[in-house]
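To start, the structure itself, in structure tokens.
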Amino acid sequence: MALRRINCEKDPMTTASIDPADRFEIRPPFMFRWEQSQQAHVLLYPEGIVKLNKTGGDILNCCDGNTNVAELIEKLGALYEVSDADVIRNGVLRFLEVSRGKGWIRIKA
């Protein structure tokens, strides 16, 4: 699958572009973890909690500062056994942009 820099400015939900080499990490003060009582991955922060669906949890689990976007897309494609790479790529990029816009993640410097 050929990956390229994606300009998300055309999407009203996003404001920037993501490079396949970008490596994201959870931004403090957010803390990402599995919450047994919720039976889901969550983002904890001083004002509350965000309960993530399975896909959101799987994506943020790869936002470890080591995995780049291209690798993340490849991992999710294999995990979900999706034959249409564009479906995974578009979904992951959209989720990363929304998460970045909400301040949950940042590009690791």
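No value in this document is a laboratory result; all are computed from the given coordinates. The structure presented is a predicted model; accordingly, all values stated were derived computationally and were not measured. Positions of Cβ are backbone-derived with ideal geometry, glycine not excepted, and every protein chain shown enters the neighbour counts.
Numbers below:
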{"item": "Residues within region 32-91 that are assigned to a helix (DSSP H, G or I) and without any contact (Cβ under 8 Å) to a residue 60 or more places away in the chain, tallied", "result": "20"}
{"item": "Residue list for region 66-81, filter: more than 13 Å from ASP19 (Cβ to Cβ) and among the aliphatic types (A, V, I, L, M)", "result": "LEU76, ALA78, LEU79"}
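Rundown of residues vs (1) closer than 15 Å to GLU25 by Cα; (2) surrounded by 14 or more Cβ atoms within 10 Å (Cβ to Cβ); (3) in contact with a Cys (Cβ under 9 Å, 6 or more places away or on another chain), yes/no style:
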residue: PRO46; (1), (2), (3): no, no, no
residue: CYS62; (1), (2), (3): yes, yes, no
residue: THR67; (1), (2), (3): yes, yes, no
residue: LEU72; (1), (2), (3): yes, yes, yes
residue: ASP84; (1), (2), (3): no, no, no
residue: VAL87; (1), (2), (3): no, no, no
